[in-house]
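The values are calculated or read from the model by the stated rules, or taken from the named source; none is laboratory data. Since the model is a prediction, treat every value here as computed from it, not as a measurement. Every residue, glycine as well, gets a Cβ built from its backbone with ideal geometry; the counts of neighbours run over all protein chains shown. To get the accessible areas, we keep the full protein, side chains included, count just its heavy atoms, and leave off ligands, DNA and RNA. Shrake-Rupley method; radii C 1.70, N 1.55, O 1.52, S 1.80 Å.
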Amino acid sequence: KLESEKQMLKQDAESLLVTLDTKLELIDFKLTKALEIENTRKAEKLAEKEEQQRLEREKEERARKERQEEGSQCLQREEEFWQEFEQLHPECEDYKILNDSRRSVHHGNGTYEGAEPRKCDYIGIDIDLERTSPDWVGTGWYRLLAPAGTRIPESPPGQWQCGSSYQGWMKGSHPVIAGQTNVKFCFEHKFRDVESRCHYSIEGKVTRCKDYFVYYLDDPPSCSLRYCATDHF
């Protein structure tokens, strides 16, 4: 009887072990499947993220090319505009140059002696040509360049500046967009403590070209009058 009970216990134990092994195998299978599913999900998310990044890069590249194309088209339109503008305004290419450094509003110290040697924008048989500004060749279109300056000032520069007795400035504003406008050029002078900001005046023109100004300047009525130059309005 004891042997019989042992045998039954042994069979029960073996059956329990088989059942346990089966359950462990099932658990291991489920864990393996769960891990495979998790890895698949991670791979899908990674692939989705990579695809999204690829699409974003393509979108950015398309936007960059569009901006580049728009920029090229804009530059082309701008170039075409200036070509047409310069055809209508040949003075933007056909001009003379004023670049004498003594023409600058900074030349001089506000005294008669500081203005020496005084020059004028005037050509006539009644004066010594040595008094004529070295860069002045008579009425016409002019562009101002360094070291004189790049534009005519919009306010009086002060007595005895610009290497002259009468300082020329522009009474009016420079065009803010491409185009031409009529202006008045005034010549400042001080005589016996009486200062005149516009002692003489001459009608003229100013054209805003692509990145600079050109001026139609007439011969002043006499010597001692000179157009000034500056780098600021």
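Of all residues in the range 144-184 being free of Cβ contacts under 8 Å to residues at least 24 places away in the same chain and assigned to a strand (DSSP E or B), which is farthest from the chain's Cα centre (by Cα)?
By that ranking, first place goes to 184.
Consider the range 210-229. How many of its residues are in a loop (DSSP other than H, G, I, E, B), at pLDDT 90 or above and more than 15 Å from residue 103 (Cβ to Cβ)?
3
Just to be sure I understand the filter: pairs with C-beta atoms under 8 Å, separated by 6 or more residues or on different chains, first member in the range 63-79 and modelled with pLDDT of 80 or more and in a helix (DSSP H, G or I), second member open to solvent by 100 Å² or more (accessible area, probe 1.4 Å) and not small (Gly, Ala, Ser). Which pairs pass?
Taking only residues 6 or more apart or on different chains, not a single pair turns up.
Yes or no: the range 113-127 includes at least one residue that is in contact with a Lys or Arg (Cβ under 7 Å, 6 or more places away or on another chain), open to solvent by less than 20 Å² (accessible area, probe 1.4 Å) and of a type outside the set (A, V, I, L, M).
yes
Could you check, for the range 135-146, whether at least one of its residues is at pLDDT 90 or above, open to solvent by 40 Å² or more (accessible area, probe 1.4 Å) and in contact with a Phe, Trp or Tyr (Cβ under 6 Å, 6 or more places away or on another chain)?
yes
It is to be established whether one or more residues within the range 185-203 are part of a loop (DSSP other than H, G, I, E, B) and under 32 Å from the mean Cα position of the chain (by Cα).
The answer is no, given that none of the residues of the range 185-203 is part of a loop (DSSP other than H, G, I, E, B) and under 32 Å from the mean Cα position of the chain (by Cα).
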